[in-house]
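What follows is a single structure, written as structure tokens, with notes after it.
The numbers here are math on the coordinates, done by the rules we state, and not lab data. It should be emphasised that the depicted structure is a prediction, and the values quoted were computed from it without experimental measurement. Note that each Cβ is placed from the backbone with ideal geometry, even for glycine, and that neighbours are counted across all protein chains shown.
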Amino acid sequence: MKYLVGSVYPILLILIAVVLWHNDKIRETVKTNKKSILLFLLFNFVMINVMLFLHLRQEQFIAYWDFGGFWRKSVEFNQMMDRSVKEAMDNLWFSLNYSEYSYLPEWFLYLPTQLLGSSYPRFILAMFNSFVLPANLILYIFSLMLLGDKQSMLKKSFPGIVYHYLCG
């Protein structure tokens, strides 16, 4: 039950994708730019994770202020979900109504932190992969839609940028 309740974010992303897929212009853009979108997603995933890994490996400080607070709240929420789903949902509802920092992001991060672990570097990886990658993908698809006829220029320039970035 806790994994079903904790997997609400991937379900929400799938529902958003289904709703967006019913838009003819978005569907046409995705169908005509499959390779470019997959290349962008793969490149984005690799670059974000490599940069995070290199940064977190060099990090020599204690998690502080907001990041430390979000991490602590994530660990607390994971422990609440492990004890009782009802307790976690009650605390989520209370935090949405009365707390300055709610448990909503931690609810979305429950499944990734269960898969990756709850240490601070793994929490950061889960956070970036759960929120930044889908956001970047949606922005890239919308930018392809806005460019319209100029997409061929972007398709030609994006692999060139990737090649230049990787090979110097």
Item checked: Scaled radius of gyration (Cα, divided by 2.2 N^0.38 Å) that the range 66-143 gives -> 1.17
Notebook entry, point to check: What ranking do Tyr98, Tyr140, Tyr3 get, fewest neighbouring Cβ atoms within 10 angstrom at the top?
Noted result: Tyr98, Tyr3, Tyr140
